[in-house]
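Every number here is computed from the coordinates shown, using simple stated rules; none is lab data. Keep in mind it's a predicted model, so treat the numbers as computed, not measured. All Cβ positions, glycine included, derive from the backbone under ideal geometry; neighbour counts span all protein chains shown.
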2 protein chains.
Amino acid sequence: MFPALHFPHLKPALIYGLAGGLLIAVLKYIEYQHFVRAYPTELYGGLLALIFTIIGIHVGLRWTRRREPLSEPQPFATNAETVREIGITPRELEILGLIAEGLSNREIGERLFVSENTVKTHSSRVFEKLGVNRRVQAVQKGKDLGLIP
Amino acid sequence: MFPALHFPHLKPALIYGLAGGLLIAVLKYIEYQHFVRAYPTELYGGLLALIFTIIGIHVGLRWTRRREPLSEPQPFATNAETVREIGITPRELEILGLIAEGLSNREIGERLFVSENTVKTHSSRVFEKLGVNRRVQAVQKGKDLGLIP
DNA sequence: CTCGAAATCACCCGAAAGAATGACGACGGA
DNA sequence: TCCGTCGTCATTCTTTCGGGTGATTTCGAG
């Protein structure tokens, strides 16, 4: 949806923008209170947006919920000690899991909303930490070490 | 693990928030242009609800997307029966086993005293018969079907 | 405040993988 | 004998991987 866009200084700008918008909204609210008005339209809009976004998420999930519970017997807890021992990060573990599912780097990037280059960087580090140089080997070793189911 | 300390989808969330803010700003602008007077407020509410419901559905599905489980191993089919069912040959099974060990096509060829091209031909046929197009997927499916340990 | 870890992204380049063909010999059953 | 399967190998082409390097941003610890 949005992953192709790139804004390096997005967060501070957004924070400032939101802060400013919030301030304006508060002022407007107070002003409107002076005029004994109802809530400002912007507030209604935001509330509507928020509420219906949540509703949309719930509805969407409900529509596509699989009927058969898809037997998932073992929740599988990753071997935390091994993770710490070899110094693998959560993100790298995530990439390893997706590699084990047979996804290409591009598909992983699309799934995680990051670029393919980022996925390649992560996978390279995973290979390095696991001491392998091919993804099939990484999957095998990851399973042996209890990093992935 | 510690999912609370990790925000893998921060960027889309920020962009999403920005988009919402922009939409509100646009609506506000329109209102200030007195265009809003031409339409009942309910219309705007409905539009907002619709738009953000769609966005919510999309975002929700996007964030929770999961691939279909591509196989359901039949409990009655033994190794040999599965082999016969999908018509995989002994040689192809051998190549699949070596792929599962993390060997490259060149290494497989050296181990079996055949050319790399031959290995690629076999692996292509294996992929075709298993309905996959990557070796990690082939290994996964081969294990699901009981073709390889 | 400085420093380092983590995550992100980019660019380059060579190697590996995979898709699509075509071909050839051996072997076994109809 | 003819036909089909299997194993073998080649060529061409495109895509994907993997290694290497460098950069930025964010965040938390010291």
field: Label distances, nm, B:A80 versus same residue in remaining copies, Cβ-directed 7 Å point
entry: 4.8
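Rounded to the nearest 0.05, what FRET efficiency do B:L112 and B:N133 give with R0 = 30 Å and r taken as the Cβ-Cβ distance? Could you check?
0.85
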message: Spelling out what I want: for every residue of region A:87-101, take phi, set θ = phi - 60°, compute 6.51 cos²θ - 1.76 cosθ + 1.60 (Karplus), and round to whole Hz; glycine and proline get x.
response: x, 8, 8, x, 5, 5, 5, 5, 4, 4, x, 6, 4, 5, 7
query: Using a label position 7 Å from Cα in the Cα→Cβ direction, what is the ascending list of nm distances from A:T118 to the same site in the other copies?
result: 4.5
- prompt: How high is the FRET efficiency between A:E85 and B:R84 when r is their beta carbon distance and R₀ equals 45 Å, given to the nearest 0.05?
  reply: 0.50
query: Using a simple spin-label model with points 7 Å from Cα along the Cα→Cβ vector, what separation in nm is obtained for B:K143 and A:I55?
result: 4.5
